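Only one structure is covered here, and it is reproduced in the block below.
The values are calculated or read from the model by the stated rules, or taken from the named source; none is laboratory data. Model, not experiment: these values are computed from the prediction. Counting neighbours? That spans all protein chains shown, and the Cβs are built from the backbone with ideal geometry, glycine included.
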Amino acid sequence: MDKEPNNLEAKAALLVGLFVALLAATVLYILYARGSFEDTQRLVLLADDSEGVRVGMDVTFSGFPIGRVRRIELAADGAARILVDVPVKDAKWLRQSSVFTLSRSLVGGATLKAYSGVLTDPPLPDGAERRVLVGDATAELPRLVSEVRELVGNLTRLTAADSSLALSLSNVRTITERATGPRGAGGLLMNESDAKQVSAALQRVNTLLARIDGMAARADVQVLGPQGLVSEGKAGVAQLNALLADARQTLKKVDALLVEAQGVAGNVRGATNGLDALRGEVDATVRKVEQLVDEVNRKWPFQRDTELKLR
Amino acid sequence: MSPLSSPQGTLAALLRGVAQWLAGWGRTVHLAALLSVLALSPSSYRADSRRTLARHLYLGTAQALPWFTLLSLLIAIVVIRIVLVTSQSYGLSQYALEMVVRVLVLELIPLAAAMFAALRCTIPMATEVATLRSGGGWDALAAQGRDPMRAEVLPRAVAGSFCALMLAAVSCVITLVVAYLSVYGFTGAGFAAYTHTVGRVFSPAVSLIFTLKIVLLGLSVALMPIASVLDAVPRRRAHTSAELQGLVRMLVLMVIIEAASLVGNYA
C-alpha cells in the first residue's frame with residue numbers, strides 16, 4: 001500500500017470543494033449565458049409559416065443578437081406566433097417603425113433580423129406584435145421556374161411559323177417592298193386613279209400658288225410703293241400734326257381770354273359788394289320812413305280808432 | 001460427436017449464455033442499487049468510514065487529475081485548431097465556436113474523462129477489491145462484524161464516481177477557456193459573443209442530457225469493474241477474467257449512454 005499522505009480528509013474536502021465550486025460556477029455561467037438574470041421584454045412576431053424557426057435561435061440587429069426565440073405557437077387564425085425575449089438593455093434598438101424579416105437561405109438555417117430605420121421613433125412596447133416579412137430564396141424557385149416555363153411557351157408561340165408575329169413581319173416586308181417601288185410611299189397608301197387625281201390636284205395647287213404670288217407683288221406696290229397707302233398715310237399724319245399745332249395756339253389764346261374773363265369777374269364781385277352796402281343803407285332809410293309814416297298815422301287827424309268795443 | 005455440436009445442444013448453450021448474460025446484468029443492477037442505498041444512507045459516513053472514503057477519494061482523483069488536465073488541454077488545443085482552420089477555409093467560421101463547444105465539451109470530453117477515470121482509478125480499485133476477496137480479507141472483515149460492502153466497496157465506488165465527475169468538470173471548464181482563447185485571443189472583447197454562443201448551445205434540454213450523461217458515465221465506470229469482480233463466484237467457470245469482462249461491460253454501457261445522449265440531442 002502507498003504511503004498515506006497527511007491530512008487526507010482535508011485534502012479530500014478541498015477536492016470536493018473545488019468540484020462544488022466548479023459546478024456552481026458552471027451552472028451560474030450557463031444561467032447567465034442563457035439570460036436568466038436579465039430583464040426581458042416580449043416581442044411577438046407573426047408569420048404565415050414558421051418553417052426554419054426554432055426555439056433558441058437569435059434575432060439579430062446589424063449582425064448582433066438582441067433577442068432569442070423562446071416559443072413558437074399557432075394563433076387562432078392559423079398564423080405562426082414566434083415569441084421572442086428581448087433583453088431590456090437591447091430593446092432600445094427596436095422602434096415602432098422597426099421591420100422584422102425571416103430569411104431562409106439556400107445554405108444554413110433561417111435568420112430573424114430586425115431593421116430600425118428611424119431610431120428616434122418611440123420604442124417598441126412590451127408585448128408588441130409585428131408581422132414578419134418572409135424572404136425565402138428556396139420558396140421563390142418553384143414560382144421562378146413556373147414563370148420561366150410560361151415565358152418560354154410564349155416565346156415558342158411567338159416565333160412559330162403561323163404566329164401573329166411571323167404574319168406581321170411578312171406584311172412589313174410587303175410594305176417595305178412597295179415603299180421602295182417606283183411610286184414610293186404614295187403607292188403604299190392609294191391606288192393608281194387616286195394617285196392621278198392627287199397629281200392633278202398638286203398641279204392646280206402649284207398654279208394657284210403662282211397667281212397668289214403675283215397678287216402679293218401687286219399688293220406690295222399698292223401698299224408700300226411711292227404712291228402707296230403707307231406714303232399717303234405719312235403725309236396725312238404730317239398735316240394732322242400741323243393742325244394740332246394750330247389748335248394748340250388757338251387754345252393758348254382762349255386761355256388768355258379766360259384769364260381776362262376771370263379779372264372781369266373779380267371786378268364784378270367787388271361791385272356786387274358795394275351794391276350790398278348801398279342796399280343796406282336803402283333798407284335802413286325805408287325802415288325809417290316806415291317808422292315815420294307809422295308815427296304820422298298815430299297822430300291826429302290820421303288817427304284811427306283801433307279799439308274794439310264789446311257790447 | 002459431442003452433445004454441443006448438435007443443433008439442439010447449440011441452441012441450449014446459446015440460451016444458457018443469454019440467461020447467464022442476463023443474470024450477470026441483473027446482479028450488476030442489484031449491486032448498483034445496493035451501493036446507491038448505502039451511498040445515500042448517513043450511517044455510511046461515520047468517522048472511520050469517512051476516513052476511508054477520503055483516502056480513496058483523494059488518492060484516486062489527485063493521481064488522475066493533473067495528467068488528465070494536461071491531456072485534455074492538449075486535445076482541446078489540437079481539435080479546436082483543426083476545427084477553426086477548417087471552418088475558416090470553408091467560410092463557415094461563424095459556426096466554428098458552436099461546433100467546438102458541441103463536439104468537445106458536450107461529447108468528447110465527458111467520454112474521455114470517464115475512460116481516464118476508469119483506467120486510472122476504478123479498474124485499479126476493482127483489482128484491489130478482487131485481491132481483498134481472494135486474499136481472505138473479505139471474510140476477515142465479515143468475521144470482525146464489519147460489512148465489507150460498506151467498508152471497502154462503497155468508498156471505492158464513490159471515489160470512482162467522484163473521480164469521473166471531477167475530471168469531466170475540470171476538463172470541460174478548461175476546454176471552454178481554451179476555446180475562447182483560441183477564437184478571440186487574450187482579450188475580453190469577445191466575452192459577450194462567446195457567452196451568447198455558449199448560452200445558445202446549452203439549452204435546457206441539452207444541459208439536462210449533458211448532466212445526466214456525465215452522472216451516468218461516472219456511475220458506470222465506478223460500478224461496472226467492481227460489480228464484475230464481486231460477481232466472481234458465477235464467473236469461476238468463465239473463460240475470461242472478471243476484470244476483462246467488467247471492462248467490456250463498462251464499455252458497452254458507455255457506448256449506450258453516449259448513443260442515448262446523441263439521440264436526445266440531435267434526433
Self-check item: Only listed residue being more than 19 Å from the chain's Cα centre (by Cα) and either crowded, with 19+ Cβ neighbours inside 10 Å or outside any helix (DSSP H, G or I) (or both), chosen from B:V129, B:V83
Solution: B:V83
Exercise. Might you let me know whether region B:4-13 holds any residue that is within 20 Å of B:M125 (Cα to Cα) and among the hydrophobic types (A, V, I, L, M, F, W, C)?
Key: no
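Looking for whichever is away from every other protein chain (no Cβ under 14 Å), of a type in the set (A, V, I, L, M), under 24 Å from B:A227 (Cα atoms) and in contact with a Leu (Cβ under 9 Å, 6 or more places away or on another chain) here; the options are B:L15, B:L57, B:L53, B:L38. Which one fits? Walk me through how you get there before you give the answer.
Working: B:L15 fails: in contact with a Leu (Cβ under 9 Å, 6 or more places away or on another chain); B:L57 fails: away from every other protein chain (no Cβ under 14 Å); B:L53 fails: away from every other protein chain (no Cβ under 14 Å).
Going through B:L15, B:L57, B:L53, B:L38 in turn, the sole match is B:L38.
Just the residues that are part of a loop (DSSP other than H, G, I, E, B) and β-branched (V, I, T), please, taken from region B:152-200.
B:T187
Out of the helices (runs of 4 or more DSSP H) lying entirely within region A:131-231, which hold 3 or more residues that are more than 51 Å from the chain's Cα centre (by Cα), charged (D, E, K, R) and over 30 Å from A:L106 (Cα atoms)?
A:192-224
Evaluate region A:244-252: report whether one residue or more is among the acidic types (D, E), at pLDDT 90 or above and part of a helix (DSSP H, G or I). Even if it seems obvious, please write down each step before you answer.
Step one: filter region A:244-252 for residues among the acidic types (D, E), giving A:246.
If we keep only those that are at pLDDT 90 or above as well, we get A:246.
Now narrow it down to the ones that are part of a helix (DSSP H, G or I): A:246.
Yes, because at least one residue in region A:244-252 is among the acidic types (D, E), at pLDDT 90 or above and part of a helix (DSSP H, G or I).
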Exercise. Quick one: count up the residues across region A:1-59 that are within 24 Å of A:A75 (Cα to Cα), of a type outside the set (A, V, I, L, M) and within 11 Å of chain B (Cβ to nearest Cβ).
Key: 3
Quiz item: Do you know which of the residues in region B:203-221 that are in contact with a helix residue (DSSP H, G or I) (Cβ under 9 Å, 6 or more places away or on another chain) and without any contact (Cβ under 8 Å) to a residue 12 or more places away in the chain is nearest to the other protein chains (Cβ to nearest Cβ)?
Solution: B:S207
Quiz prompt | Residue selected from region B:53-78 under the condition under 22 Å from the mean Cα position of the chain (by Cα) and over 20 Å from B:V221 (Cα atoms), by the criterion surrounded by the most Cβ atoms within 10 Å (Cβ to Cβ) | solution = B:A76
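Could you please let me know if A:T101 is within 12 Å of chain B (Cβ to nearest Cβ) and part of a strand (DSSP E or B)? Spell out the reasoning first.
On the way: within 12 Å of chain B (Cβ to nearest Cβ): no; part of a strand (DSSP E or B): yes.
Criteria not met by A:T101.
What about A:V55, is it in the same structural domain as A:L102 (by TED's automatic domain parsing) and either buried (at least 16 other Cβ atoms within 10 Å of the Cβ) or basic (K, R) (or both)? Steps first, please.
Working: in the same structural domain as A:L102 (by TED's automatic domain parsing): yes; either buried (at least 16 other Cβ atoms within 10 Å of the Cβ) or basic (K, R) (or both): no.
For A:V55, the condition - in the same structural domain as A:L102 (by TED's automatic domain parsing) and either buried (at least 16 other Cβ atoms within 10 Å of the Cβ) or basic (K, R) (or both) - is not met.
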